[in-house]
Amino acid sequence: MAIRDLIARSKNQQLTPARDVFDPFFTLHREMNRLFEDVFRGFGSMGGFGSPLMEGQFGWPKIELNETDKAVTVSAELPGLSEKDVQVEFANGVLSIRGEKKAERSEEGKFFSERYYGSFARQIAIDGVQEDKAEASFRNGVLTVTLPKTEQASQNVKRIAIKTN
C-alpha cells in the first residue's frame, strides 16, 4: 500500500490502488471513508425519512429569536404540548427550554409514526437582559419568552460603517 492511500480524500477525489492486487487495508480505508460520508451527510438537519440518528435530535424545538431596542423575544414551536409539559429557566446568561412530549399511541395493531416523542432541551445564550423581569406565555403550541434589555445594553449599541473599495 502506498503512503497516498493513507491520506484522507475529498468527496470528488477517487483513490485507486497503485497495483491491481486486492489490498484488504485499502478496502477497509475506502469503506470507512464511505461510512463516515454517509453518516455525516446532512448532519445538523433533519435526516432522511425514518433515520433515527437525525430525526428530531438536532434543533427541536425550532426557535425564533427577535431583538428590538427594548427586549429580546424567543419563540419556540411546541405543537401538541401544554405549559405543564415545558420548563423555562434563565441562569448565567443562558435561557433553557426543556420538556417532554409523551407518546399518544395504543399498543394494539400495527404502528407507524413520523412524529417526534421524548425529552428535548434547547439552550440559548443571551446577554444584557433583566433576568428578574423575564416573562413567558404559551398559546396555540408556541412558547414565547420575553426578556427586557438592561439600560446599559440598549445604550451600548455602536453602528459600524461599511466601507466600499
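Structure notes:
- Counted by Cβ distance under 14 Å from Phe90, the other residues give a net charge of -1, where Lys and Arg count +1 and Asp and Glu count -1.
- Placing R0 at 45 angstrom, the Cβ-Cβ distance between Asp69 and Ala103 gives a FRET efficiency of 0.55 after rounding to 0.05.
- Two-site FRET efficiency, Ala161 against Glu31, from Cβ-Cβ distance with R₀ of 41 Å, rounded to 0.05: 0.15
- Taking 7 Å steps out from each Cα toward its Cβ at Gln130 and Asn92 produces label points 2.5 nm apart.
Quick note: the coordinates plus some simple rules give every number you see, no bench work behind them. Bear in mind the structure is a predicted one, so any value in this text is a computation, not a measurement. Cβ atoms come from the backbone with ideal geometry, glycine included; neighbour counts cover every protein chain shown.
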